[in-house]
1. Considering each of 212, 179 in turn, give the residue that is at pLDDT 90 or above and of a type outside the set (D, E, K, R).
2. Inspect segment 140-151 for any residue being touching a strand residue (DSSP E or B) at 6+ places or on another chain (Cβ under 9 Å), among the charged types (D, E, K, R) and either in a strand (DSSP E or B) or more than 24 Å from residue 93 (Cβ to Cβ) (or both) and give the result as yes or no.
3. Among residues belonging to segment 115-139 that are of a type in the set (Gly, Ala, Ser) and part of a strand (DSSP E or B), point out the one that is nearest to residue 196 (Cα to Cα).
4. Can you confirm whether segment 190-207 contains a residue that is over 25 Å from the mean Cα position of the chain (by Cα), part of a strand (DSSP E or B), touching a residue at least 40 places away in the same chain (Cβ under 8 Å) and closer than 25 Å to residue 122 by Cβ?
5. Would you mind telling me which numbered condition in (1) at pLDDT 90 or above; (2) surrounded by fewer than 17 Cβ atoms within 10 Å (Cβ to Cβ); (3) basic (Lys, Arg) residue 228 fails?
6. Can you name the number of the only condition in (1) closer than 29 Å to residue 89 by Cβ; (2) out of contact with any Phe, Trp or Tyr (no Cβ under 9 Å at 6 or more places or on another chain) that residue 218 fails?
7. Select from segment 69-86 the residues that are over 10 Å from the mean Cα position of the chain (by Cα) and of a type in the set (Ser, Thr, Tyr) and write down the one among them that is farthest from residue 152 (Cα to Cα).
8. Give segment 130-165 a look and list any residue that's farther than 30 Å from residue 40 by Cβ and touching a residue at least 24 places away in the same chain (Cβ under 8 Å), or say none.
Amino acid sequence: MRKGLIILCVLLCWVSCRLSAQGRGMSNPEAVFIEKGTKSAGLQFGWEHWGADGDEGSDLLGLITGLEGHVHNFDISASGSWFIRDNTSVGVAIGYTDMRAAVDSVSFLGNNESDRHLFRQALSGSISLRQYLPLFNGKIIAMFAEGRLSGRTGYLKSYKMADGRKEGTYSDLGRVMLGVYPGISVFATQDISFEVSLPLFELGYNWQNGSGTESGNSITSHGFVRFKPSLMSLKTGIVYHF
């Protein structure tokens, strides 16, 4: 699925360059990708599906074996930005994520678990600073790097069926995070562009306030640092500039 999405993005970039070459110009060393004072509004979205058929995890030093299950993850966000300088913008965004997972069976350190379900929904908000680097001396395609400060709040439910009733936990979630997100933007017309981006570096702090039939009440928190591109978190978007 991810490989097909990447191929689609490459084809989209090529077609967009062909369609917009005359409208925005190529081979102009003085071209500005997006001028100061421009505003934009866009939608970004991501989707992933992961599944295991029972053989996954056997290579993890024997710690995890017999994993069967699936994960669906979807997120969407709406954003707006204002170009404070040529090729430099500040922006805000709000988003929604939905994750649903089911573990049919898994063995971890010899302990067997089965029929486990997880649901997570969250709302997020962010502010960002983005810098574009035009490619090919033109105004059609550019790389960008975005620094983003974001926060998220939501809930997580985890349960399994036991003797005809649900047993599990319910947790309120929170997160603050600072990250760097590189990507590519391609204009398809004078005013509409498509973009893809992925996380490169993220650091943040998570907290969780939970209660349930299995563990009682609990409050947990931890910091985290991630430094690697994640194709599983690839996002695509469409943006209107005015």
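1. Going through 212, 179 in turn, just one is at pLDDT 90 or above and of a type outside the set (D, E, K, R): 179.
2. yes
3. Checked segment 115-139; the qualifying residue nearest to residue 196 (Cα to Cα) is 128.
4. No: zero hits.
5. (1)
6. Status for residue 218: all satisfied but (1).
7. Per the criteria, the residue is 81.
8. 155, 156, 157, 158, 159, 160, 161
The values are calculated or read from the model by the stated rules, or taken from the named source; none is laboratory data. Being a predicted model, the structure only gives us computed values, none of them experimental. Positions of Cβ are generated from backbone atoms using ideal geometry, with glycine treated the same way; all protein chains shown enter the neighbour counts.
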